[in-house]
Amino acid sequence: MVKRLDTQLEAAGAEFLVLGNLLIEKIASFKSYHNFKGYDIISTNPELNTSARIQVKSRYQTGWNGFIINNFDCDFVVLVALNRGYKKQKKNGESGIKSPDCYVFPISYIRNLEKERSQFGKISKSKLSDLDSYKNRWDLIATFLSQ
């Protein structure tokens, strides 16, 4: 039996990476330090008394092929592709290690894919149409908070 890779530190890092990006974009946010089901970060607009619940999903490997989601009780899902390398090094020696990518999805987009999930709750990367248009779309959260 192959031992599963322990990526707990990297998953926690993904949450802080999302939090840092939100703060840099001047979106007041904080990490939920208790295990809130459905979300990891809360963003707020104190002037309008609005908030957004954000669930962070991370994929360790470069060339990821999907992610598992079983709880839809949030306003956004931010998928962090950590890009820590390919499972097997490419023949040309390329490791695949590069900077992380963040994709900001409104939960409505993810809910539309709910029926496409595998029996384990995995949404395949191929089902994420127009993926690049969601890369670093922190403005979607800012707009949500301004309504």
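The values are calculated or read from the model by the stated rules, or taken from the named source; none is laboratory data. Computed from a prediction, not measured in an experiment: that's the story for all the values here. All Cβ positions, glycine included, derive from the backbone under ideal geometry; neighbour counts span all protein chains shown. Note: accessible area is taken over every heavy atom of the protein model, side chains too, but ligands, DNA and RNA are not part of it. Shrake-Rupley method; radii C 1.70, N 1.55, O 1.52, S 1.80 Å.
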Next on the checklist: With θ taken as phi - 60° and the coefficients 6.51, -1.76 and 1.60, list the Karplus ³J(HN,Hα) couplings across segment 107-120 in order, rounded to whole Hz; mark glycine and proline as x.
Outcome noted: 4, 4, 5, 5, 4, 4, 9, 4, 6, 7, 5, 6, 5, 8
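So, with +1 on the Cβ of K and R and -1 on the Cβ of D and E, and no other charges, what is the size of the charge dipole of segment 1-140 about its Cα centre, to the nearest 20 debye? Display every interim value, and only then the final one.
Numbers: 22 positive and 15 negative charges, 166 e Å.
Here the size comes out at about 800 debye.
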Checklist entry - Between Gln147 and Ile68, what FRET efficiency comes out of the Förster formula 1/(1 + (r/R0)^6) with R0 = 41 Å and r the beta carbon distance, rounded to 0.05? => result 0.85
Checklist outcome for this item: Under a 1.4 Å probe, counting only protein heavy atoms, Arg84 has an accessible area in Å², nearest 10, of 90
Item to check | Net +/- balance of residues flanking Glu116 in space, Cβ distance below 10 Å, scoring K and R +1, D and E -1 | outcome: +3
Item to check | segment 19-33 - phi-based ³J(HN,Hα) in whole Hz, Karplus 6.51/-1.76/1.60, Gly and Pro as x | outcome: 4, x, 5, 4, 5, 4, 7, 6, 9, 4, 8, 8, 7, 7, 8
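Give me the percent of DSSP beta bridges within segment 47-145 that run antiparallel, rounded to the nearest 5.
In segment 47-145, DSSP labels about 65 percent of beta bridges as antiparallel.
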Checklist entry - Could you sort Lys57, Lys88, Lys122 by accessible area so the largest value comes first, with the probe set to 1.4 Å? => result Lys88, Lys122, Lys57
Item to check | Pairwise label distance in nanometres, Leu48 with Asn35, each label 7 Å out on the Cα-Cβ vector | outcome: 3.4
Next on the checklist: Taking θ = phi - 60°, what integer Hz values does the Karplus form 6.51 cos²θ - 1.76 cosθ + 1.60 yield along segment 131-147, in sequence order, with x for Gly and Pro?
Outcome noted: 3, 5, 6, 9, 5, 6, 8, 4, 4, 5, 6, 4, 5, 4, 6, 8, 9
Checklist entry - Ignoring ligands and nucleic acids, what accessible area does Arg137 show with a 1.4 Å probe (Å², nearest 10)? => result 80
